[in-house]
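Peer 1: Pasting a structure below so you can have a look.
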Amino acid sequence: MLFNSYIFIFAFLPATFLVYFLLARYRGGEAAIGFLVIASLFFYGWWNPIYLVLILCSIGVNYFVGETISKICKQKNILRAKVLLIVGIVFNLGLLAYFKYANFFVENANAVLETNIHLNQIILPLAISFFTFQQIAYLVDAYKGITEEFRFIHYALFVTFFPQLIAGPIVHHKEMLPQFMRLENMKPQLENIVIGISIFSLGLFKKVVLADGIAQYSTPIFDAAASGETLTFFAAWGGALAYTFQLYFDFSGYSDMAIGIARVFGIRLPLNFASPYKSLSIVEFWRRWHITLSRFLRDYVYIALGGNRKGNVRRYTNLLTTMLLGGLWHGAGWTFVLWGGLHGLYLVINHIWSHIKIRLNLQWLDGFRGWHFFSWLLTFVSVVNAWVFFRAESLSAALEIIKGMYGFNGIAIPNAIYTRLGSMQGILNEVGINSYIGGGAQFVFTYLWIAVLLLVVVIMPNTQQIMKGYLQINAKQGNALFDEGIASRLMTFRFNVAWALLMAGVMVIALFGLSRVSEFLYFQF
């Protein structure tokens, strides 16, 4: 079931809300929690009921392992607890490897070993990457004594809570269960409902109007590259930038909707998206993009590998390894591995530059807005280049787009525009810019969308900043180039008629766009 669908908005969500709070009032919290687990499983099983068996099996095994680890740790039998932790992690990664990577490994083994091993196509279960990482974090926290769980139904809710089940955020047991246990959260509160619906409306607008709106200009370019067509400069950059903004508003929209739905139930999910395209460095980008995944990779992979405790060479190796695994987590393909490797390389370069800047006393650069702008532009272009590999159907398709972006296939503009340039035609010819027949409207609308969405991304406040008085999170994420603009100061949500009308208008516009429902991009991960 999709957040951006009529059946979810007008049937599932209101019915679940009413029954949950009615049960909490008349049958107590345990009955309400039990119902919410059933509703979440129904939500998950809407796509393919057979995979309910998989998620229930995963929940059952992890609950048993986690409880056993907690009990053994209390008995001070650390070695036995560590062995059981390893068994639990292997179980989770084994499920993930089979369903997500088995075909990938077999195909590559056949190519390297010249064998002909055949494996039927395995359909990827929805959300397996997210609930696998979430439960691995629970097992590690149980081993560390950070958390424990004594009721299966509570643990099941931690894993299946439908707002964050499909595409995150990846949450910790300790930050979720205490919220469900609070008596005040068992009662509907007007402020939570209003804030939650407002955030949901903003997210729905981002997805339906902005992400789906620009998708029509990115998809044809990547399809053309996949079919082997040659792409010129403006076509390649248009497709890459269009996808850059499509993914941004798609994931930002989902994150907002997840936070908004949870808030209606009185639950505060952690921040997962905070204007990453405003970042002045790759380090800052990963503090803003998919924040809970970055947290997981840092806490359970990078630090486990040794972090920065064993010298710079080991630190950079750990960074590259972590990002390569992060890329592979997103998808079973060499394009995802390369995407992760690029970001690992970016992070290494970023850290080396920070070290050089300190050694050469170049910190004074940080006082100039021109340097801030250069840092932002370099970061943004680097991210766009990496997204090409993330989106492309194959490595050859990605390289075809990259070739176009850097002029290897020439530069050309539509003839309808070219003929209107008058005396400029001669100058364009001299610098090697040609024309082609057709595609004028596509060219204009592609770059109009890109220009408008770029302004939205860097000038407009994000949802946290708009709702900063009610989300209790830090809306400023680390730089003054964009985060302290006048729009961020003026556009602050208030409980008044003007904001009520604005949010209603946003919701209505988004609802009218639901005639062309599309899945969220992160559902495939």
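Peer 1: Look at residue 279 and say whether it is buried (at least 18 other Cβ atoms within 10 Å of the Cβ) and small (Gly, Ala, Ser).
Peer 2: yes
Peer 1: For the range 90-127, which residues satisfy the criterion of being surrounded by fewer than 11 Cβ atoms within 10 Å (Cβ to Cβ) and of a type in the set (A, V, I, L, M)?
Peer 2: 111, 112, 113, 117, 123
Peer 1: If only one of 4, 77, 62 is of a type outside the set (A, V, I, L, M) and touching a Lys or Arg at 6+ places or on another chain (Cβ under 6 Å), which one is it?
Peer 2: When all the criteria are applied, what remains is 4.
Peer 1: Just to check your reading of the model, which residue among 384, 301, 388 is closer than 29 Å to residue 126 by Cβ, of a type in the set (A, V, I, L, M, F, W, C), touching a Ser or Thr at 6+ places or on another chain (Cβ under 7 Å) and in the same structural domain as residue 240 (by TED's automatic domain parsing)?
Peer 2: 384
Peer 1: Answer yes if at least one residue in the range 469-492 is in contact with a helix residue (DSSP H, G or I) (Cβ under 9 Å, 6 or more places away or on another chain), of a type in the set (Phe, Trp, Tyr), in the same structural domain as residue 236 (by TED's automatic domain parsing) and modelled with pLDDT under 85, and no otherwise.
Peer 2: Within the range 469-492 (the criterion being in contact with a helix residue (DSSP H, G or I) (Cβ under 9 Å, 6 or more places away or on another chain), of a type in the set (Phe, Trp, Tyr), in the same structural domain as residue 236 (by TED's automatic domain parsing) and modelled with pLDDT under 85), the answer is yes, since at least one residue qualifies.
Peer 1: Got a sec? Which of 65, 87 is crowded, with 19+ Cβ neighbours inside 10 Å, assigned to a helix (DSSP H, G or I) and either within 25 Å of the chain's Cα centre (by Cα) or modelled with pLDDT of 90 or more (or both)?
Peer 2: One residue alone meets the criteria, 65.
Peer 1: It is to be established whether one or more residues within the range 121-130 are small (Gly, Ala, Ser), closer than 18 Å to residue 333 by Cα, without any contact (Cβ under 8 Å) to a residue 24 or more places away in the chain and in the same structural domain as residue 177 (by TED's automatic domain parsing).
Peer 2: no
Peer 1: Pull up the range 399-416, narrow it to residues that are of a type in the set (Val, Ile, Thr) and surrounded by 20 or more Cβ atoms within 10 Å (Cβ to Cβ), then point me to the one that is nearest to residue 336 (Cα to Cα).
Peer 2: 401
Peer 1: Cβ contacts < 6 Å: first residue in contact (Cβ under 8 Å) with a residue 60 or more places away in the chain, restricted to the range 189-212; second residue of a type in the set (Lys, Arg), any location; separation 6+ or different chain. Result?
Peer 2: 192/263; 195/263; 196/263
Peer 1: For residue 268, are the conditions met, namely being at negative phi, at pLDDT below 95 and in a helix (DSSP H, G or I)?
Peer 2: For residue 268, the condition - at negative phi, at pLDDT below 95 and in a helix (DSSP H, G or I) - is not met.
Peer 1: May I pose another question? Among (1) within 22 Å of residue 212 (Cβ to Cβ); (2) modelled with pLDDT under 90, there is one condition residue 447 misses while meeting the rest; what is its number?
Peer 2: In the conditions (1) within 22 Å of residue 212 (Cβ to Cβ); (2) modelled with pLDDT under 90, residue 447 misses (2) alone.
The values are calculated or read from the model by the stated rules, or taken from the named source; none is laboratory data. Just so we're clear, the structure is a prediction, and the values are computed from it rather than from any experiment. Cβ atoms come from the backbone with ideal geometry, glycine included; neighbour counts cover every protein chain shown.
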